[in-house]
Amino acid sequence: MTAKRLPDFNTLVRLSQRGLSDDAIGKRYDCTGQAVNKALVLGNYRRTTKIKLANALIPWDVLTTKGEAQAGQISHHNTYPSVQLRCYMRVRLADETLTEANRINAMRFERRLRRDNVVLDYSREEGFSYVPRTEEDGNLVLRWPADETLPEDPEHLRAVTLDPLN
């Protein structure tokens, strides 16, 4: 049996725009999600995904495996609180590509914030930490930095609050 090959670039773009993940597209053509992603990147296709939006809404310069962290510092972007925060934001942004594990992470994050009356804070030196909620935090899920402006778009603001989704 011969392995299927990826379809033409326009077909890949259409499938991606319909919300199929790279892995889902890859399954259709008996290849990996990485192969699909590579084909889209080589074709210069740029996706504005809910994942990218959630990452962009995080108001801190989070230490990642790129740059300084490679020089021996510990990366913070894939710590449990960071992963939970991004899952929570994706749920709030109505990301249709969420897995069940993502939804569970989001639920646990929200439950902890409500149960312990805390918000998530960040420093490049210490990483992520849960701190007691103050009046200044309002209904935010994050301790918003004083030098950063809150998102103006209602959808984006909803992603960083505990307000009902109605």
> Could you say whether any residue in region 143-161 is open to solvent by 70 Å² or more (accessible area, probe 1.4 Å) and closer than 28 Å to Arg18 by Cβ?
Replying inline: yes
> Exactly one of (1) within 18 Å of the chain's Cα centre (by Cα); (2) charged (D, E, K, R); (3) surrounded by 12 or more Cβ atoms within 10 Å (Cβ to Cβ) is unmet by Arg112. Its number?
Replying inline: (1)
> Any residue at all in region 95-108 that is surrounded by 11 or more Cβ atoms within 10 Å (Cβ to Cβ), more than 18 Å from the chain's Cα centre (by Cα) and in contact (Cβ under 8 Å) with a residue 12 or more places away in the chain?
Replying inline: no
> Where in region 77-166 are there helices (runs of 4 or more DSSP H), lying fully within it, with 3 or more residues that are among the hydrophobic types (A, V, I, L, M, F, W, C)?
Replying inline: 80-92, 100-116
>> With the requirement that a residue be of a type in the set (Lys, Arg) and either modelled with pLDDT under 80 or over 23 Å from Asn10 (Cβ atoms) (or both), what does region 51-83 give you?
In response: Lys66
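The values are calculated or read from the model by the stated rules, or taken from the named source; none is laboratory data. The shown structure was predicted, so the numbers you read here are calculated from the model rather than taken from an experiment. In this analysis, Cβ positions are derived from the backbone assuming ideal geometry, glycine residues included, and neighbour counts consider all displayed protein chains. For accessibility, only protein heavy atoms count, side chains too; no ligands or nucleic acids. Shrake-Rupley method; radii C 1.70, N 1.55, O 1.52, S 1.80 Å.
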